[in-house]
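Notes for the one structure printed next.
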Amino acid sequence: MEAYLERWRDAGPPLNLISITELNRNSAQVLLELAAEMKRGTKQGREFYRFDRPIAAAMIFEKPSLRTRVTFEIGLYQMGGHAVYLTQNDIQMGRREAVMDVARNLGRWAEFVVARVYLHSILEELAIHTGAPIINALSDVEHPCQALADLLTIRERKGTSALKLAWVGDGNNVCHSFALLGAMLGHEVVIATPKGFAPDAKFVGDQVALTNDPAEAARDADVVYTDVWVSMGFETEREIRMRAFKDFQVNSRLLSLAKPDAIVLHCLPAHRDEEITSEAMDGPQSAIWDQAENRLHAQKALMALIPIPPENAPPRPS
Ligand code: CP
Ligand code: NVA
C-alpha cells in the first residue's frame, strides 16, 4: 500500500473528489491500479487494505440510489469502516438547517462525507465548511465515482492502449465525468447527443468530439456507453426527451457499426428497451454488470488514498 500512497502523493492528490478534474492522469492511474489490486484481494477473500483506526462516512442522499449507496456501505464495511446513511428527509439540508451548519456538524464526527445532491454547488459549500473530504456521489453536473468504475472496467476488458470511447444519448452528469476521465487517460471520446442535449462545453471543452449522429460516434468504437434519457430531476421533460432521443437507442443495429469486440456500458439504472435494448444489455458485448461491480472496488481505492483528517488535511474549520 505504501508504494501506491507514495505515487499518489507524488501525483498531486486531491483533498476531495467533487469533480473528476481534481484528478490528473497520474493520480487517476494510481487509483485505478490500486482498485484492480484491491479487487483481486477481495475476490481471494483477503482485503489488500484496511483502515488502521475507526473511520466513519456520513452519506447524504438527496436522490435515490442502489449502486452508490450499497457499494459505499459495503466498501466501508470491508475496509473496517462504517457508513451512516442520511436521506434528505432525515436532515433536510438547507431547510431544517443551513448547509454550512450540517457541514460543520458532520466534519466533527465523520472522516468522509459522501453526498448525492441536486446542486453541484452544495458539494462545494460542504467542502468549505466540513474539513473532511467530500466525495461526489452524483450531482447535476458530475458523477466522478461512476467514471472511475467505468475506466476500471475498460482497463480490465481492453488494457491500457488508447481506444475510441463512444457516448450515445444525453450529455449529462455521467457523460461529463466519463468524457473528462476518458480524455485525461488518453482515449478518443466521441459524444453523440440530440441537438440541445450536448454536454456542457465548460466541462468537456475541446478534449472530446461532439456530434448529433449516433452512427458517427459508434463507428469503429471500442466502447459504446449510454445512460437514461431522463435523469433524476428532469422528469417534467419526459415527453420532450422521449421524442428527442428516439434515434439514440443502443441496439444491435448501432452496435454493428462498432468494432466486433466492442463492449457496451451503462451506469444503471437502465430503462430496458428505451435507451438500450435488453438484447444489448444482456448480450455477449455487455460489460454492464462488471461495471456495476467495479463501483465497489474503485470507491474502496478512492477511500484508501484520499487524505483523511487529522493527519493529512488542513485543520477543520471552527
Ligand atoms: N450508477 C449509479 O450511480 O446508480 P445508483 O443511482 O443506483 O446509485
Ligand atoms: N444520469 C442519471 C444517472 C443515475 C446514476 C441521473 O442523474 O439520474
Could you name the lysines whose alpha carbon sits less than 28 Å from that of residue 202, not counting residues in the same chain fewer than 8 places away?
-> 63, 164, 246
Name the trypsin sites (Lys or Arg not before Pro) in the range 210-318 that are in a loop by DSSP and that have at most 14 other C-beta atoms within 10 Å, would you?
-> 246
When only DSSP loop residues count, what trypsin sites (Lys or Arg not before Pro) in the range 75-137 have their Cβ near at most 14 other Cβ atoms within 10 Å?
-> 95, 96
Rounded accessible area per residue of the range 163-318, 1.4 Å, Å² | 40
The range 89-174: Cα Rg divided by the 2.2 N^0.38 Å rule of thumb = 1.37
How long are the semi-axes of the ellipsoid equivalent to the range 182-318, from square roots of 5 times the Cα gyration tensor eigenvalues, in whole Å, largest first?
-> 31, 19, 17
Looking at the range 231-261, which chymotrypsin sites (Phe, Trp or Tyr not before Pro) are DSSP coil and have at most 15 other C-beta atoms within 10 Å of their C-beta?
-> 234
Using a 1.4 Å probe on the protein chains only, how many percent of the accessible area of the chain belongs to carbon and sulfur?
-> 51
Between the modelled labels at residue 85 and residue 261 (7 Å from Cα along Cα→Cβ) the distance in nm is 4.0
Determine the dipole magnitude for the chain: charges of +1 sit on the beta-carbon of Lys and Arg, -1 on that of Asp and Glu, nothing else is charged, the reference point is the Cα centre, and the result goes in debye to the nearest 20.
-> 500
For q = 0.14 Å⁻¹, what log10 I(q)/I(0) does the chain give under the Debye formula with an equal point scatterer on each alpha carbon and no solvent?
-> -1.07
Percent of all Cα-Cα pairs per 5 Å bin for the range 95-236, counting from 0 up to the last occupied bin, reads 2, 10, 18, 19, 16, 13, 10, 7, 4, 2, 0
If R0 = 30 Å, then residue 290 and residue 47, at their Cβ-Cβ distance, give a FRET efficiency to the nearest 0.05 of 0.90
Among 80, 172, 210, whose Cα sits farthest toward the positive end of the charge dipole of the chain (+1 at Cβ of Lys/Arg, -1 at Cβ of Asp/Glu, about the Cα centre)?
-> 80
Length gained when the stretch residue 40-residue 120 is fully extended (0.36 nm per residue, less Cα-Cα span) = 25.4 nm
Calculated [θ] (222 nm, deg cm²/dmol) that DSSP helices of n ≥ 4 give over the chain, each run adding -39,500 (n - 2.57) | -12500 deg cm²/dmol
Just how large is the dipole of the range 163-246 about the Cα centre, in debye to the nearest 20, putting +1 at every Lys and Arg Cβ and -1 at every Asp and Glu Cβ?
-> 160
Gain in span if fully extended, residue 247 to residue 234, counting 0.36 nm per residue against the direct Cα distance | 2.7 nm
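The values are calculated or read from the model by the stated rules, or taken from the named source; none is laboratory data. This structure is a prediction, so every number in the text was calculated from the model and none was measured. Because the Cβ atoms are built from the backbone with ideal geometry, glycine has one as well, and the counts that use them run over all protein chains shown. Quick note on the areas: whole protein, heavy atoms, side chains included, nothing else; ligands and nucleic acids left out. Shrake-Rupley method; radii C 1.70, N 1.55, O 1.52, S 1.80 Å.
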